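None of the figures in this text is laboratory data; all of them are computed from the coordinates on show. As the structure is a computational prediction, the values presented were derived from the model and not from experiment. Here the Cβ positions follow ideal geometry from the backbone for every residue, glycine too, while neighbour counts run over all protein chains shown.
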There are 2 protein chains.
Amino acid sequence: MTDFSLQSWVEVTQESDFTIQNLPFGIFSTQKKSARVGVAIGNKIVDVLELANNGFIDFDTTLFDTDKLNDFMALGRPAASKLRNRLQELLNENNDELRDSTHRGSIMVNMSEATMHMPVQVGDYTDFYSSEDHARNVGTMFRDPNNALLPNWKHLPVGYHGRASSIVVSPAEIHRPKGQTKADDAAAPSFGPTRLFDFELEMAFITCKQTKLGESIPIDEAENAIWGMVIFNDLSARDIQKWEYVPLGPFLAKNFGSVISPWVVTMDALEPFRTKGYEQDPEVLPYLKPSKDANFDIHLEVALQPENGEAQTICTSNYKFMYWNMNQQLTHQTVNGCNINVGDMYASGTISGPEENQYGSMLELTWRGTKPITLSDGSERKFMQDGDTCIMRAHAEKEGVRVGFGEAIVKILPAT
Amino acid sequence: MTDFSLQSWVEVTQESDFTIQNLPFGIFSTQKKSARVGVAIGNKIVDVLELANNGFIDFDTTLFDTDKLNDFMALGRPAASKLRNRLQELLNENNDELRDSTHRGSIMVNMSEATMHMPVQVGDYTDFYSSEDHARNVGTMFRDPNNALLPNWKHLPVGYHGRASSIVVSPAEIHRPKGQTKADDAAAPSFGPTRLFDFELEMAFITCKQTKLGESIPIDEAENAIWGMVIFNDLSARDIQKWEYVPLGPFLAKNFGSVISPWVVTMDALEPFRTKGYEQDPEVLPYLKPSKDANFDIHLEVALQPENGEAQTICTSNYKFMYWNMNQQLTHQTVNGCNINVGDMYASGTISGPEENQYGSMLELTWRGTKPITLSDGSERKFMQDGDTCIMRAHAEKEGVRVGFGEAIVKILPAT
């Protein structure tokens, strides 16, 4: 049970995502410290390696003297719970062990002095397509408003494999990708920078379990394999996608860069925000039937900031809008015997809500460019322009206390 | 220039794939030797670690004291050429350095005493769809014989991301996968073992270069990034694929197990077999236009062996039937700035030839099951049955000398 009245001796402002109830894990470095495991609280980072070096925690120091969380994740959720509980104890306002220690200075690092790195070595990456409102919007635009969802959509969490190598950590800069596109009235395709550069508001979970080829993860065991979550911006080139994606799915339209938030929020921290998902009708097959609520109430938002302008929120959505939940996704992924590894990443697909301001992509927000958005500087956007910065934020909140993800930020640079 | 008259003091039979002109790299272990780098010749393996330990080659021993070729591959093609040239010298019938050395016994290992392992740590895996005859067959069966190829097919090498974790080394045993399928006349999908279990005859290349996100590999530089090739059996569940793959492509129909041959044949060894590919018409966009021949004449075959029966060849094809070549595939993959890593794997897609006995899958050979194949034991096959073993072989040949890949073998076990 999370105690929302708990306070830390570290200053944590009302708007901070990184409360003592959260304590997400990441990889950071500073001018003096090599890349290592850290935990965020307020605007500080707890150097977990230094904690271990000085005997504050009972873990092998090599787990934290590394630029990836994989080895620690491989110990599973119980180890993460144990460490997080101990950190909550050490950071409690009534605990003086660390607060009054001579090591405090070397253990508590200012976030402003740190560089964040990719938190995990991603083995394989899957992208699902699990928001009904998103799938319905896309189906309505490109196919048939009366049959917007394809026949398989409500029977299985549709997903596809993505490129792991091009997932990078926020803040990122990504060049506008080039590729083949073909206008409907053109005889042949042409080559050049995408004209329909979009973001996709997604969340991703990361697995902490290794299975053997041939093994499946039953739905009631899926949660044990899910360690934590990040924000995921699945950048997309809509015109490249349109020309390439039939029949084998998106390829170059998606693999030029995806941006994640640097702090991995544990499922322990998200537990208080567990909620019901949409009712699933028709009934799903038995292997996909969850025995408990498995969605999470996480507020999501996207802001777009023009070059030299102010950021403006253009979408507010929620992770609870997902039709298919994480357990169903992971169970489906492995039902055929597909093996998983520690550090695999599974993104949700664009998370749109039922309202027009809850759509998680420019494609939907501007309805294929037919309803441009006006930004703070008066300029209009159908899709993203060079110089724009896309900022995604996510947090859960209870009793005035936030458990948040920070930001996934990407600036769009011109094509090379 | 390859000297096809070159002979080794190691016995190499006429039918051996592993001549002194080949010298493919792999990872092996024995009861006494931990997994390490080896090179195949005849029915022997040269223990490259022991070669280095005893000063026969001028390389850092740590490159070979490992269960993956990645570190050695990362040195690029020139390092592989240098080592391969030195091995050709050491194994030459006129050279006594190794032949008459007291270390010969510890360096030359009997293949029959070795276990082969995955040769590389695969970062990302892409599967292309680059054989015109295959694409045309599939389009004819499932769409329209008059418009069998989709509009994009001749303008770009269609590809999609696959699952790296489930690529395993031959000989393998794979359980029949389970999943959702839906009969055309059924109201809802059902769950169970695939009924349409297929192989796909493919070849894959492996990259030896790491690029940064945003970088592209021009077509004339693609070859420098391609280290070698293996046979690739892209096992497929056709009924699962049919129900799941619209709109985002194959997922669980393909990621339950792919089987590769254990020996990586270098592009140096394949150089004498370079040949013209199909003429590309319409003309491809400039970024895909190769300046030289970039296909390879590699004979391919598939045999199917029923439980307790004789293996029977059911398909003979050739890698030269590829419409899109490797350089075009890799250039296309990176033209949007997608980064690549050492050890990435890129499969060709099913390689079918124009003749009916050259089709690279059961789907095509039996034309969706309408023309069953009769096996040596008199039994019929529309698709693969439990207990069947699928054996793929590949070799190039010139002046009676083979440069071959060995075998990719998989036995089909019943669903779990």
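Please give the charge dipole size of region A:349-416, origin at the Cα centre, charges +1 on K and R Cβ atoms and -1 on D and E Cβ atoms. Round to the nearest 20 debye.
Working: 8 positive and 10 negative charges, 24 e Å.
Its charge dipole is roughly 120 debye.
Sorted from nearest, the other copies put their residue A:3 label points 8.1 nm away, the label point being 7 Å from Cα in the direction of Cβ.
The 3J(HN,Hα) values that the Karplus relation (6.51, -1.76, 1.60; θ = phi - 60°) gives for region A:363-372 are, in residue order, 3, 7, 4, 9, 6, 6, x, 7, 10, x Hz. Gly and Pro appear as x. With Cα atoms as the point set, region A:125-413 shows a radius of gyration and Dmax of 18.5, 60 Å.
Can you tell me the relative contact order of region B:294-416? Whole percent, Cα pairs under 8 Å, sequence separation 6 or more.
Values: 202 pairs, mean separation 34.3, N = 123.
Here the relative contact order equals 28 percent.
Look at the stretch B:327-337: the mean tally of other chain Cβ atoms within 10 Å of its residues' Cβ atoms is 5.
For an R0 of 35 angstrom, estimate the FRET efficiency from the Cβ-Cβ distance between residue B:386 and residue A:150 and round to the nearest 0.05. E(calc), rounded to 0.05, equals 0.65. At a Förster radius of 30 Å, what calculated FRET efficiency corresponds to the Cβ-Cβ distance of residue A:102 and residue A:221, to the nearest 0.05? Once rounded, the FRET efficiency stands at 0.10. In order along region A:276-288, phi translates into HN-Hα couplings of 5, x, 4, 5, 9, 9, x, 4, 7, 4, x, 5, 9 Hz, rounded to whole numbers, per the Karplus curve 6.51 cos²θ - 1.76 cosθ + 1.60 with θ = phi - 60° and x for Gly and Pro. For region B:159-174, the Karplus equation 6.51 cos²θ - 1.76 cosθ + 1.60, evaluated at θ = phi - 60°, returns couplings of x, 8, 7, x, 8, 6, 4, 9, 7, 10, 8, 6, x, 10, 10, 10 Hz by residue, with Gly and Pro reported as x. Remark: for residue pairs A:68/A:411; B:154/B:212; A:289/B:178; A:276/A:398; A:154/A:371, the C-alpha separation exceeds 19 Å in A:68/A:411; B:154/B:212; A:154/A:371.
Computed across region B:25-117, the Kirkwood radius stands at 13.3 Å (inverse of mean 1/r, all Cα pairs). In a reduced charge model with +1 at each Lys and Arg Cβ and -1 at each Asp and Glu Cβ, chain B shows a dipole moment near 860 debye about its Cα centre. Per the Kirkwood formula applied to alpha carbons, the protein assembly as shown shows a radius of gyration over Rh ratio, Rg over Rh, of 0.98. Across chain B, Cα pairs under 8 Å and at least six residues apart give a relative contact order of 22 percent. Plainly put, the tip 7 Å out from Cα toward Cβ on residue B:372 is 6.5 nm from that tip on each other copy, the closest given first. Check which residues have an amide H placed less than 5 Å from residue B:173's amide H, if you skip close sequence neighbours. Hits under the 5 Å cutoff: B:411. When each of the peptides B:402-409, B:28-35, B:68-75 is scored by the mean number of other C-beta atoms lying within 10 Å of its residues, the order from highest to lowest reads B:402-409, B:68-75, B:28-35. Have a look at A:350, A:170, A:63 and report the one farthest towards the positive end of the charge dipole of the protein assembly as shown, computed about the Cα centre with Cβ charges (Lys/Arg +1, Asp/Glu -1). Value: A:350. DSSP finds beta bridges in the protein assembly as shown, and of those with both partners inside it, around 85 percent are antiparallel.
Amide H contacts of residue B:338: B:214, each under 5 Å away and 5 or more positions distant or on a separate chain (H built 1.01 Å from N in the peptide plane; Pro and chain starts excluded). Amide H to amide H distances under 5 Å link residue A:168 with A:258, A:259, A:260, where only residues 5 or more positions off or on other chains count and H is placed in the peptide plane. Across the identical copies, the 7 Å label point of residue B:31, projected outward along Cα→Cβ, sits 6.1 nm from its counterparts, in ascending order. Nearest-to-axis residue in chain A, judged by Cβ distance to the rotation axis that brings A onto B and given in whole Å, is A:249, 1.
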